[in-house]
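The values are calculated or read from the model by the stated rules, or taken from the named source; none is laboratory data. Just so we're clear, the structure is a prediction, and the values are computed from it rather than from any experiment. Note that each Cβ is placed from the backbone with ideal geometry, even for glycine, and that neighbours are counted across all protein chains shown.
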Amino acid sequence: MNEQKTVPGDNALVRVDGVEKVFRRGTEEVHVLADLHLEVRRGEFLALMGPSGSGKSTLLNLIGGLDRPTKGVVSVGGERIDELSDRRLAAWRAQHVGFVFQLYNLLPVLSAERNVELPLLLTHLSKAQRRKHVEAALKMVGLAHRTRHYPRTLSGGEQQRVGIARAIVTDPTLLLCDEPTGDLDRKSGDEILSLLQALNHEQGKTIIMVTHDPHASARAMRTVYLDKGQLFTEKPE
Amino acid sequence: MKFLSLVVGNLKRKKLRTLLTLLSIFVAFLLYGLLCAVKEAFTAGIAVAGADRLIVRHKVSLIMTLPVTYQARMESLPGVASAVSFTWFNGIYQNEPKNFFGSFPISHPEAFLAMFPEFLLPEDHKQAWLKTRNGAIVGRALVDRFKWKIGDRIPLVSPIWPNASDGAWDFEIVGIFEGAKKATDTSGFYFRYDYFDEGRKYGKGLVGWYSVQVKDPERAEEVAKAIDEEFANSPHETKAEPEGAFMQGFAQQIGDIGKILIGILSAVFFTILLVAGNTMAQSVRERTEELGALKAMGFSNELVLALVLAESCLIAAVGGLIGLGLAWLIAARGSPVPAMLPVFYLPSRAVLIGVALIFALGSVAGVLPALQAMRLRIADALRRQA
């Protein structure tokens, strides 16, 4: 089991209680998560590991309000997100969650700054205010000089930095990263992990990161393992 | 407006595909505009037909003549205000068959001008016409076509009505009239019947048809019936009908122009609908992951629906408005075949319907892909790339 780093206080930001997730494939039911319990404290950097198909991304999707559990409770900041309507859930995501994807999911037709601006379009900020936030976010990820570049002209590491800038530009409560270094070489991956660590340490961002890579999970405060829909604090045999 | 860069950006994704779709829509609306102008050319007479005017022609056919004496008999009937005769002269300018236009001897110039207030002739031109036996008044479109001016002498040859010398008829332009409405036909050439009747080789005392002004438009049908009864069982029986009905019947000799055009345009728009719909469907399919990412960021289902519809409407608006605009410009330059279609313009009503069609096309083409994007489950969309 990896070293369990702790965060002062007992202020759980994310609570997952008795969650089950069943997918249907035709007449067949696939139980992905079963009676799962998890707490993530405010300011924590949690790594979620497990083999392919273990349900890591499914759990991340439930916590991020991208999907709903078949059974159980998911609450973030004391709010039960499994009960929100689609529209309220979308508004909740816009306000509280930043997503970092493995393949960045930048819009190729928009420049770096326009990509970062996207979540701000859902706010009431003026154009000038949006620009200010975008500049700050791109500066934070070290890309202040690449604002006008389009994704195709950026390296993988730079694209992921734009992805992170986009995730943090609204100053969300929670940062959810799905294999953020999965498509990067070791050096770029390290830079991204350092950036996430800095966001956690310096900005106090709560981060949940799904990863296959033990090297990446070592950067987190705590690692939990998912296997066959069950959660373990130590890597199962 | 803040989402405009996103909408425009998505259209730039596959430039060639967007350009080809734009061109298809452009051609469809150019065709729509030009066909509307053609339809207007065929039906303009109906639109401007006087509600208080009847056309009285030979019962058998328009090409058969009526006696000039009918005029006085009709004017003596109750309900008739005045009558003016017309004859199809078929004048050809400079002996060149393509230089053909509508030319008519008019029995009573003053009554004619009073009966057709849509022909705006200056008073001095009118007086000149009354004084000049071989004087002719010419519409603005015809004057512009041949670059004529007041005082020009115009030789016309008529294959139907030769003069005594079998040569050209000599006319002098003494007046130029404008149209009171856009749809008013100003391609006509009108001259005096007394000059014509005296000079023609044969057929004296005969006219082509009459325009009759009734005192009360509400009683037009009744007066028409009275006229036909007046000449029943004579060698020249008549058929009297309101001018609008006459024009409509005349236009329908070619066919129901409206139905023909609707048929053509329906086929064109259906094809374009498939082209635009396919473009949008492909575009949405190609960016499933991006749409998933947008929804993950907090873009609601309704907003995603609106963005895809906005894209579809934008592409339709750019292509459609350019096509419609070009059609308007072409029509504004005048008829490409003035002898056949003297009135040629794109009416405001057709422009408004065109704009509505553009947005209907954009909405209908985009609705299925937009619903598909709206219903997209985020987890499924993001899983596609994993």
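Tabulated values for the structure
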| item | result |
| --- | --- |
| Filter pass, B:Val56 being surrounded by fewer than 18 Cβ atoms within 10 Å (Cβ to Cβ) and among the β-branched types (Val, Ile, Thr) | no |
| Positions within region A:59-89 being within 11 Å of chain B (Cβ to nearest Cβ) and under 12 Å from the mean Cα position of the chain (by Cα), in sequence order | A:Leu60, A:Asn61, A:Leu62, A:Gly64, A:Gly65, A:Leu66 |
| Pairs, first away from chain A (no Cβ under 14 Å) in region B:1-27, second not β-branched (Val, Ile, Thr), C-beta under 6 Å, six or more apart | B:Thr21/B:Ala276; B:Leu22/B:Gly319; B:Ile25/B:Ala316; B:Ile25/B:Gly319; B:Ile25/B:Gly320; B:Phe26/B:Gly319; B:Phe26/B:Gly323 |
| Every residue from region B:274-312 that is more than 30 Å from A:Arg87 (Cα to Cα) and at pLDDT 90 or above | B:Leu274 |
| Residue match in region B:95-113 (condition: out of contact with any helix residue (DSSP H, G or I) (no Cβ under 8 Å at 6 or more places or on another chain), acidic (Asp, Glu) and modelled with pLDDT of 90 or more) | no |
| Within region B:78-126, considering residues that are under 24 Å from the mean Cα position of the chain (by Cα), aliphatic (A, V, I, L, M) and closer than 23 Å to B:Ile227 by Cβ, the one surrounded by the most Cβ atoms within 10 Å (Cβ to Cβ) | B:Leu113 |
| Which listed residue, of A:Thr206, A:Thr223, is β-branched (Val, Ile, Thr), surrounded by 21 or more Cβ atoms within 10 Å (Cβ to Cβ) and touching a Lys or Arg at 6+ places or on another chain (Cβ under 7 Å) | A:Thr206 |
| Selection count where residues are more than 10 Å from chain B (Cβ to nearest Cβ) and modelled with pLDDT under 95, scope region A:116-127 | 1 |
| Some residue of region A:121-133 being under 20 Å from the mean Cα position of the chain (by Cα) and crowded, with 22+ Cβ neighbours inside 10 Å | no |
| Residue tally, condition over 15 Å from A:Val14 (Cβ atoms), at the interface with chain B (Cβ under 7 Å from one of its Cβ atoms) and surrounded by 20 or more Cβ atoms within 10 Å (Cβ to Cβ), over region A:90-108 | 5 |
| Residues within region B:73-100 that are outside any strand (DSSP E or B) and under 20 Å from B:Phe191 (Cα atoms), tallied | 8 |
| Search result, residues across region B:303-321 that are crowded, with 24+ Cβ neighbours inside 10 Å and under 19 Å from B:Val27 (Cα atoms) | B:Ser312, B:Ile315, B:Ala316, B:Gly319, B:Gly320 |
| Options B:Ala370, B:Ala331, B:Ala293, B:Ala276; residue that is within 14 Å of another protein chain (Cβ to nearest Cβ) and either buried (at least 21 other Cβ atoms within 10 Å of the Cβ) or among the aromatic types (Phe, Trp, Tyr) (or both) | B:Ala293 |
